[in-house]
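The values are calculated or read from the model by the stated rules, or taken from the named source; none is laboratory data. Model, not experiment: these values are computed from the prediction. Don't worry about glycine lacking a Cβ; one is built from the backbone with ideal geometry, like all the others, and counts go over all protein chains shown.
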Amino acid sequence: MNVLQQMQRVSAIVGRRTYATTFVPPASLENVARRRDSGKPLPQSPNIYTGRPSYYDQLNALETALQHTQRALRNLQLLPLPQFARDAIPPPNPVWKNKRVLAEEIAESLTVTRYRRVINLLNQLDECRRIADVAGHHSLAESLARVLQDFEPANKEAVLARGKRKPVKIDEYGRSYTIGRRKESTARVWVIPVQDKTGETSTTSVQTPEAPLEDELSAGEVENEGSKAPESLLDPVPDVPPAPVEVTTTNILINNTPLVQYFAHQADRETVVRPFKIAGLLGAFNVFAIVRGGGTTGQSGAISLGIARALVAHVPKVETILRKAKLLRRDPRMVERKKTGLAKAREAYTWVKR
Amino acid sequence: MSLSIRSWAAASAHCSRRARCPKNINGAVRYLSNTSPEQVPLQTEEDWSQFQVKRAEYKSLVDHFSQYGSTQTRDSTFQPHHELNRPKAPSELALSSLMAAGAHMGHSQTLMNPNFMPYAYGVRSGITIIDLDHTLPLLRRAAKVVRATAAKGGSIVFIGTRPDLRPTVRKAAERLGSQGFHVGERWMPGTLTNKLALFGGDIVAKERIVPDLVILLNPIPNMHAIRECAYDHIPTIGIVDSNVDPRIVMYPIPANDESTRTAELVAGVLSIAGREGVMLYQEEHLQAGNDGQRQRVRQTFSS
């Protein structure tokens, strides 16, 4: 009975096992070789045997982040996106750390292929961030941005601003500082708007070229309605002189000399004043310019470009008209160099038959 | 003559004129998609919210009515990602699952290694058919080895150096926690035989670099790894195909090495066994204050 009960108990215990066991003879357990390093800890990274553990750890972390993000977006019904929704996402503009900087950070050498794998994952994460941001899920977008921030360089804004023209600043006195160049000349131009006695600057009271005409027309109509027409044509016209138009006198100083004194030729003076004429701002600004290099044509052209850029800074509305008049274009024509075998840039020596 | 050519040319031109299909197919949607027919351009956040709400409504509608439809749903039927994310335990493994994974398909009959003969069932369509009656117990034996190694605190390396095997070995190693490692890219020759150069003297001195078990999902391109394991007396488990001598690894699993599904099945089975071993080891060493094994955060994506 006892034996039977024991056997039942053993069979009950054995029946609970979900895997088979093998019998190990006790003799083979006597001289078991122990590992010399069994006390040491295991390596931290699961990628230790790849030879590049930190790189693959980084890659795996990014892949995990991407998986989690895509799952979250799928739950929010934002993935997969149809084409018309994809078109509504802002375009990508990513700036990532370059290969050298990233290699320093992970303390391993990076080839182009390995770097591109990381960048590919970062671009996908950035796309998910843009989708979350445009759809209004700003917390998710911010958490993604925090993850991606570690991969963005410190000078990201500077990199994005490359190729864009710096905006012209106007200082506390209302002066703008611009530079114009033509041929070998460089002009540094300070333009300040004229201020009335009331304190209004010419920029605030500036009228567009159409406005004065409208005012004249409306003034003319008012006059016609107010006064009665003369009964006969032989009646004398009242001798009323026209109201004097107050024209502000503005100065243009070039290298501390007035425009008329600096440029003797009318053509050069005309070049300098042309931006004001085209924009319709003739009496509105004072100009102080320092110009170096080149001759009269170059210097006058450089000042003209400087003035045009300054006018755009003060009155942005005139940009279209100045651009159409090609006054905002830095003339790229420069003196062509002389070549060997030629007398001048293009002129060849007299051809001799023999 | 010229008339006939002209008529022939005209006829061919008429035949070659392509039928103009409507560019705007908003009214002629022949397939059921989960996007609304009116494609409102999404400009504000409210538009996006509306878009999401419509999609969610459609999905809830489909989910509601799916219970009245077929019992074969996306969850209950096979999907390719199930093999990776829902691994089978060794006890619930059957011939049918091996067959469904295509583990019985070997290489060409002319390429069969004579040492593979015991594991070959026969030939069909010019390829060697692997005998799954041998594969199943050998796979379960390998699972036992993995479990026992993990239960003694051993480190196990999963090697699968093809792009489709990369996520497989990663997930398998993750199931083993701090005791699991994986190599999804190339195995660097000299990892074990030239450890000082590869890891550096201080890491070799401080950490346990030599693994206790190596599992190879594609042994043929990883002969360097097999040789290094043999030098260091590390037991190996590997999927051997019909063109391979099964004696290259200690515990061969005769199966199709080209099939991703088979590799996922094998890696899943072995990793589940390994997870059981890890749990046994952790139960035994519950007061793990002095063994110095730091526990890594386990990212469990599956059951």
Point to revise | Selection within the stretch B:133-185 - basic (Lys, Arg) and out of contact with any Pro (no Cβ under 6 Å at 6 or more places or on another chain) | key: B:141, B:144, B:147, B:152, B:162, B:166, B:170, B:171, B:175
Check your understanding: In the stretch A:81-101, which residue that is in contact with a helix residue (DSSP H, G or I) (Cβ under 8 Å, 6 or more places away or on another chain) and at the interface with chain B (Cβ under 10 Å from one of its Cβ atoms) is surrounded by the most Cβ atoms within 10 Å (Cβ to Cβ)?
Key -> A:85
**Study point:** Residue, nearest to residue A:44 (Cα to Cα), within the stretch B:163-183, restricted to residues that are more than 10 Å from chain A (Cβ to nearest Cβ) and assigned to a loop (DSSP other than H, G, I, E, B)
**Key:** B:165
Review point. Regarding residue A:145, is this residue within 30 Å of the chain's Cα centre (by Cα) and part of a loop (DSSP other than H, G, I, E, B)?
Key: no
Study note, to complete from the structure: Picked from the stretch B:64-103 (must be assigned to a helix (DSSP H, G or I) and within 13 Å of chain A (Cβ to nearest Cβ)), the residue surrounded by the most Cβ atoms within 10 Å (Cβ to Cβ) is B:90
Point to revise | Residue identified as more than 28 Å from residue A:165 (Cβ to Cβ) and in the same structural domain as residue A:178 (by TED's automatic domain parsing) among A:348, A:267, A:325, A:313 | key: A:267
Review point. Where in the stretch A:265-354 are there helices (runs of 4 or more DSSP H), lying wholly inside it, with at least 3 residues that are closer than 19 Å to residue A:253 by Cβ?
Key: A:266-279, A:296-314
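Here is a yes/no grid of residues against (1) touching a His at 6+ places or on another chain (Cβ under 9 Å); (2) under 22 Å from residue B:275 (Cα atoms); (3) surrounded by fewer than 19 Cβ atoms within 10 Å (Cβ to Cβ):
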| position | (1), (2), (3) |
| --- | --- |
| B:154 | no, yes, no |
| B:170 | yes, yes, no |
| B:186 | no, no, yes |
| B:203 | no, no, yes |
| B:213 | no, yes, no |
| B:233 | no, no, yes |
| B:243 | yes, no, yes |
Review point. Would you pick out the residues in the stretch A:277-292 that are surrounded by fewer than 17 Cβ atoms within 10 Å (Cβ to Cβ) and of a type in the set (Val, Ile, Thr)?
Key: A:290
